[in-house]
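This report concerns only the one structure given below.
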Amino acid sequence: MLSEKVQKALNDQLNAETYSAYLYLSMNAYFNTVNLNGFANWMYAQAQEELMHAMKFYEFITQRGGKVVLAEIEAPPTEWDSPLSVFENTLKHEQLVTRLINELVETALAERDHATNIFLQWFVTEQVEEEESAGNVLEQLKLIGNDKSALFMMDRELSKRGAPTADEEVA
Ligand code: FEO
């Protein structure tokens, strides 16, 4: 049984994860328009991962006998100045999600909801990876600066990122 407070906080996070998927799909669309298909692929895989995160919250709320309440999803930005600004935005967004997950853990602990706390630990670990992978791409973009051929090499590299694996689907 979920307390009102925890149920609301889990539903808010379901919304935040769905927004993340929207944001990364919008970035995918941006990269498609500037013909950076590898970067677009990276964002598409990232959006799929966020939908999977959202579904974990959806399923957990249901499993605990709670009520999923779907709310409006904010429209994401649609334009960026450069790949660098996209990844600055991506890292900033992941840092925000980390803060939200940490606050959610604190809410669960304050409500003495240990099952929710254990469920959230997967996300605590996941956020370390999320910040690291966005941060790595950002650092590479800073290094290459205005070097167009390095940007195309990087684009080719990012085209190799695949869809989330079955492992990542098991919380
Ligand atoms: Fe679901 Fe990228 O955090």
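The values are calculated or read from the model by the stated rules, or taken from the named source; none is laboratory data. Remember, it's a predicted structure, so these values are computed and weren't measured experimentally. With ideal geometry, Cβ positions are generated from the backbone for all residues, glycine too; neighbour counts draw on all protein chains shown. We work out accessible area using only protein heavy atoms, side chains counted, and drop any ligands, DNA or RNA first. Shrake-Rupley method; radii C 1.70, N 1.55, O 1.52, S 1.80 Å.
Key figures
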read-out	value
Filter result (open to solvent by 80 Å² or more (accessible area, probe 1.4 Å), among the aliphatic types (A, V, I, L, M) and closer than 25 Å to Met1 by Cα) within the stretch 111-151	Ile118
Single match in Tyr19, Tyr24 (criterion: over 24 Å from Ile144 (Cα atoms), within 16 Å of the ligand (Cβ to nearest atom) and either of a type in the set (Phe, Trp, Tyr) or more than 11 Å from the chain's Cα centre (by Cα) (or both))	Tyr19
Selection within the stretch 38-62 - closer than 22 Å to Ala150 by Cα and either open to solvent by 10 Å² or more (accessible area, probe 1.4 Å) or over 13 Å from the mean Cα position of the chain (by Cα) (or both)	Gly38, Phe39, Ala40, Asn41, Trp42, Tyr44
Test: residue in the stretch 64-84 that is of a type in the set (Val, Ile, Thr), in a helix (DSSP H, G or I) and either more than 14 Å from the ligand (Cβ to nearest atom) or under 30 Å from Phe152 (Cβ atoms) (or both)	no
Single residue of the stretch 88-111 satisfying the filter (away from the ligand (no atom under 13 Å from the Cβ) and among the hydrophobic types (A, V, I, L, M, F, W, C)) that is nearest to the chain's Cα centre (by Cα)	Val105
